[in-house]
Amino acid sequence: MRRWPTRLAEVASGSPVVPAARSCIGVFPINQLDAARLRQGLTKLEEGEPERTARLRQRAREAVSRLAHDFPGDPITGLLDEGEEAEQRFADFANDEPCPALDPETGLCELYEARPMTCRVFGPPVRSEGGLGVCELCFQGASDKEIAACEMNADPEDLESALVEELEKASGARGQTIVAFCLAS
Ligand code: SF4
């Protein structure tokens, strides 16, 4: 059983419209569908709030500058390496880095409607290649058995895989990246 650290401890404000994010810290992989959605969200934000968008882009560029040197992938394309050794390097990589979509003044996610799938399903136990991931804050004191009983499958028909494949074929960009590289490019 794998318990997520507070790298993505996201707390809804109580309103489905005005969400608040607390401690969206630490990088995590996103697929090309997540990346496309985030870029669309950024374009939409730019139409209404260019200055806010410029600050977000600047945070992303600064994050890339900080992260490029030790990035476990290609620091030019922002694509992560694949394989066990790369995954190991990624596990120790940038765990204290705030997400550039997080407004440091308000603590809100500026791209909430366009946020990656990882952000959308964070909280309940969700299975991935690394095992069952769960928010430690939500399940404090729960046993592994109790946590396993709450497992959620957000995409039981695996619809996302087909969409990712389709998008990768159309765009030519294959593989995973991180939010900072996606928004800085
Ligand atoms: S995209 Fe938004 S919800 Fe996801 S980690 Fe970044 S700030 Fe948090």
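No lab work stands behind these numbers, since they all come straight from the coordinates. The structure displayed is predicted, hence computed values, not measured ones. Backbone-built Cβ (ideal geometry, glycine too); neighbour counts: all protein chains shown.
Taken about its Cα centre, the chain carries a charge dipole of about 500 debye when Lys and Arg each add +1 at the Cβ and Asp and Glu each add -1 at the Cβ.
Cβ crowding within 10 Å, taken as a proxy for footprinting-reagent exposure, orders E51, E146 from fewest neighbours to most as E51, E146.
Taking the Cβ of each residue in V164, V179, V64 as the centre, tally the other Cβ atoms inside 10 Å and list the residues starting with the fewest. Don't skip to the end; give the middle numbers.
Working: V164 17, V179 28, V64 20.
The most exposed by this proxy come first: V164, V64, V179.
A Förster distance of 25 Å, applied to the separation of the beta-carbon atoms of V121 and E46, puts the FRET efficiency at 0.40.
Count Lys and Arg as plus one, Asp and Glu as minus one, and take only other residues whose Cβ is under 9 Å from that of N31; the net charge is then -3. Taking Cβ atoms as reference points and 10 Å as the exclusive limit, the residues near M117 contribute a net charge of 0, counting Lys and Arg as +1 and Asp and Glu as -1.
Go ahead and estimate [θ] at 222 nm for the chain from helices alone: -39,500 (n - 2.57) per DSSP H run with n ≥ 4, summed, over the residue count, rounded to 500.
Result for the chain: -11500 deg cm²/dmol, rounded to the nearest 500.
Among the cysteines of the chain, C109, C119, C150, C182 have no other cysteine beta carbon within less than 4.7 Å of their own.
HN-Hα J couplings of the stretch 147-157 from phi, Karplus 6.51/-1.76/1.60, θ = phi - 60°, integer Hz, Gly and Pro as x? Couplings: 5, 4, 5, 9, 3, 10, 10, 6, 9, x, 9 Hz.
Rounded to the nearest 5, the antiparallel percentage of DSSP beta bridges internal to the chain is 70%. Sorting V126, V27 from the fewest to the most surrounding beta carbons within 10 angstrom yields V126, V27.
Quick one: compute the contact order of the stretch 2-184, relative version, from alpha carbon pairs under 8 angstrom and 6+ residues apart, as a percent. For the stretch 2-184, the relative contact order is 38 percent.
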